[in-house]
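Chemist: My questions will all concern the structure given below.
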Amino acid sequence: MSYIDVLKHIQNQETAPIYLLFGTESYLIEDAVGRIVNKALTKDEQEFNLSTFDMNETPVDAAVEEAYTFPFMGGKRVVILKNAHFLTAQKNSAAVEHDTEKLRTYAENPVTESTVIIQAPYEKLDERKKLVKQIKQQAVVMDGKPLNENELRSWLKSKGEENGVTFAQGADDLLLQLTGGDLMVLASEVYKLSLYAGEEGIIQQDAVEALTARSLDQDIFALVDGVVKGQTEQAVSIYYDLIKQKEAPLKILALMVRQFRILYQVKQMAEQGYGEKMIAGRLKLHPYVVKLAQRQTGRFSDSQLMKKIDELAELDFRIKTGRVSDELGVELFLYESKNH
């Protein structure tokens, strides 16, 4: 099931005996866990009937034993298994011995009074393992992979509705761009913006611009975007904001090189027929970041992108050999880029 499908399942049905939540989008997994727990147990019940075990620290046997334990004062018991690395093919350095056969036996005939939530924050599970096959037969399975652009927009809209707000035209686009599609950051920013929206209940674009917190990577993306679009004033303004935040010019330069290399790699892979999802996987980027990068690369040929990377490498050499000061050198690059 997708994240959206699992949310519908949680809302419309009783909690299942076993949930298997895997994938690399940690926010989706944690959000699903929270919703399952709140559906199964009241706040008071969680104090006595909710147990969490980290498989990097505790044998799975202990979690299985807890799942067999009858809930205190009746009702449900929820047992969470975090970091279930034994469901993958990868080796784990944690010095914990797991009797996974006990978990497989439990999965054959799970206790109806318990809900077991297995968290596996990994891209793939080892489908060859009997344990994985057995759990998948009995569990509600969620693939917590990064959302594509349409899913991301749908999620953002629903998150706004949860907070009692809607987005004015362009406000959602800007928020996605400024956060790079990071769900954890988005959730926090939507909550903050909903408080600012007040009784009107509409998040305006200027509020997003003024209030959204930016990471260094996002500022670098916006700076390079200014270079790409020939918007020198925007690029220089972001650059000096970073200087005021005590970011070193050489660090900014290095991150600009990294961003132009990403643009070059995205362009090359797209020209070879790779889709956004595959590019994102190969480059370890969020699919929405790849989407934005593809829009930027349309303004450059391969040779122009390589020229920018070479110019920045030359600037790095000139700064490090004392031919130009670091702060002035980066500023001149930004101004000169408009004419290239």
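Chemist: Assess whether R282 counts as being more than 24 Å from L305 (Cα to Cα) and out of contact with any Gly (no Cβ under 8 Å at 6 or more places or on another chain).
Modeler: So R282 does not fit the description; no.
Chemist: On to the next question. Does E209 count as among the charged types (D, E, K, R) and surrounded by fewer than 18 Cβ atoms within 10 Å (Cβ to Cβ)?
Modeler: yes
Chemist: Here is a further query. List every residue pair whose Cβ atoms lie under 7 Å apart, where the two residues are 6 or more positions apart in sequence or sit on different chains, the first residue falls within region 8-36 and is acidic (D, E) and modelled with pLDDT under 95, and the second residue, located anywhere, is in a loop (DSSP other than H, G, I, E, B) and open to solvent by 10 Å² or more (accessible area, probe 1.4 Å).
Modeler: These pairs meet every condition: E25/K145; E25/P146.
Chemist: With the checklist (1) exposed (fewer than 14 other Cβ atoms within 10 Å of the Cβ); (2) in a helix (DSSP H, G or I) in hand, flag the one item E45 doesn't pass.
Modeler: (1)
Chemist: All but one of (1) within 26 Å of the chain's Cα centre (by Cα); (2) touching a residue at least 40 places away in the same chain (Cβ under 8 Å); (3) farther than 30 Å from S158 by Cα; (4) not in a loop (DSSP other than H, G, I, E, B) hold for D61; state the number of the condition that does not hold.
Modeler: So the condition that D61 fails would be (1).
Chemist: Oh, and also: Within region 106-120, which residues are open to solvent by 20 Å² or more (accessible area, probe 1.4 Å) and touching a residue at least 24 places away in the same chain (Cβ under 8 Å)?
Modeler: E108, P110, V111, T112, E113
Chemist: I'm told V96 meets every condition in (1) within 23 Å of L7 (Cβ to Cβ); (2) of a type outside the set (D, E, K, R); (3) touching a Pro at 6+ places or on another chain (Cβ under 8 Å) except one. Can you identify the failing condition by its number?
Modeler: It is condition (1) that V96 fails.
Chemist: Now for a different question. Kindly list, by first and then second residue, each pair from a residue in region 300-322 that is closer than 18 Å to I262 by Cα and among the β-branched types (V, I, T) to a residue that is at pLDDT 90 or above and open to solvent by less than 70 Å² (accessible area, probe 1.4 Å), limited to pairs with Cβ atoms under 8 Å and residues at least 6 apart or on different chains.
Modeler: I309/V257; I309/F260; I309/Y264
Chemist: Residues of region 192-214 being assigned to a helix (DSSP H, G or I) and in contact (Cβ under 8 Å) with a residue 12 or more places away in the chain, which ones?
Modeler: K192, L193, S194, Y196, A197, Q205, A207, V208, E209, L211
Chemist: Continuing with this model, one more query. Taking A313, is it exposed (fewer than 13 other Cβ atoms within 10 Å of the Cβ), hydrophobic (A, V, I, L, M, F, W, C) and not in a loop (DSSP other than H, G, I, E, B)?
Modeler: On the way: exposed (fewer than 13 other Cβ atoms within 10 Å of the Cβ): yes; hydrophobic (A, V, I, L, M, F, W, C): yes; not in a loop (DSSP other than H, G, I, E, B): yes.
Yes, satisfied.
Chemist: Here is a check on your reading of the model: is E97 without any contact (Cβ under 8 Å) to a residue 24 or more places away in the chain and either open to solvent by 30 Å² or more (accessible area, probe 1.4 Å) or closer than 19 Å to D126 by Cβ (or both)?
Modeler: On the way: without any contact (Cβ under 8 Å) to a residue 24 or more places away in the chain: no; either open to solvent by 30 Å² or more (accessible area, probe 1.4 Å) or closer than 19 Å to D126 by Cβ (or both): yes.
No.
Chemist: Which number in (1) under 18 Å from L176 (Cα atoms); (2) not in a helix (DSSP H, G or I) marks the one condition that R299 misses?
Modeler: That leaves (1) as the condition not met.
Chemist: Let me ask something additional. Can you name the number of the only condition in (1) at pLDDT 90 or above; (2) under 18 Å from Y288 (Cα atoms); (3) open to solvent by 60 Å² or more (accessible area, probe 1.4 Å) that D182 fails?
Modeler: Every listed condition holds for D182 apart from (1).
Chemist: May I ask you to list the residues in region 265-280 that are without any contact (Cβ under 8 Å) to a residue 12 or more places away in the chain and either within 24 Å of S215 (Cβ to Cβ) or aromatic (F, W, Y) (or both)?
Modeler: Y274
The values are calculated or read from the model by the stated rules, or taken from the named source; none is laboratory data. Remember, it's a predicted structure, so these values are computed and weren't measured experimentally. Ideal geometry is used to build each Cβ from the backbone, glycine not excepted, and the neighbour counts take in all protein chains shown. Heads up: the accessible areas ignore ligands, DNA and RNA and are worked out on the full protein's heavy atoms, side chains in. Shrake-Rupley method; radii C 1.70, N 1.55, O 1.52, S 1.80 Å.
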